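Heads up, the thing below is written out as structure tokens.
Read-outs throughout are calculated quantities, based only on the coordinates presented, and are distinct from any laboratory measurement. Computed from a predicted structure; not experimentally measured. Here Cβ is always computed from backbone atoms with ideal geometry, including for glycine, and neighbour counts include all displayed protein chains.
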Amino acid sequence: MKRPMFASIGPFFLNESRCERLSMKVIPLNCNHCSAPLEVAAKAKFVTCGFCKTRLSIQQTGSTYSTEVLEDLKEATEQIARDVEAIKHSATIERLDRQWERDRMSHMVTNKHGQHSLPTKGGAMVVGGMVVGFGILWTVIATGISTAASSMGAPGVFRIIPMVFPLFGVLFVGFGIFNIVSMLKKSEAYESRHRDYMQKRRELVSKQRQLDDDS
Ligand SMILES: [Zn+2]
């Protein structure tokens, strides 16, 4: 079968059009996607491959040129952005933890043995309750003693001292109640701060997980 005539003159036309384009500086390149040869004007930054239609960016390193698939570049850029976001995010969590550590220390209460601990409602009730109990016991016993003393008809100053005696117990009861109230307030404040911190941290961690899943 005889070949159609235009098939044999095809390359000639192609060469001719190449010659026309020689007037501007052209660099030979290969498509990074299908490795087809490309000819690109020297100053071009982007080219679309005529064979596979891939959009390419043109990279120049010294006197050598190469192409990179634009989607790959975009992908790499987005990956970096995600990584940076994830790093920033974990730094935020660390900062929150450090801040909380300082905050926690500021809520510490010191007992009479110089030990630091966090205020709890249970602790407030136990310590304050002991003081109140001691005060009640003191009042009851001291009242009994002073009643007995006055009934025995102790003279002068011995009659006044036993009346003052039970008052110390009442003071203790008052001090114990004050202690309970103030410790409860402290533990309330601490618990509320702790809840805020936990809430914030949970949010940050779940966002971190989301970022990790995305990348
Ligand atoms: Zn191509």
Rough spin-label spacing in nm, given labels placed 7 Å along Cα→Cβ, for Glu101 and Asp214: 2.9 nm
Net charge near Lys185: determine it from the other residues with C-beta under 14 Å of the C-beta of Lys185, scoring Lys and Arg +1 and Asp and Glu -1. +1
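Over 30 Å between Cα atoms: which of Lys25/Lys53; Lys88/Lys186; Lys121/Lys200 fall into that group?
Violating the 30 Å Cα-Cα cut-off are Lys88/Lys186.
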Please give the length that would be gained between Ala36 and Leu167 if that part of the chain were fully extended, namely 0.36 nm times their separation in residues minus their C-alpha to C-alpha distance (nm, one decimal). 36.9 nm
Once you list every other residue whose beta carbon is under 12 Å from the beta carbon of Asp83, what net charge do they have if Lys and Arg are +1 and Asp and Glu are -1? -2
Taking the Cβ of Thr92 as the centre, find all other residues whose Cβ is under 12 Å away and add up their charges (Lys, Arg: +1; Asp, Glu: -1). +2
Inter-label distance, nm, simple model (7 Å from Cα along the C-beta direction), Lys53/Arg195: 6.0 nm
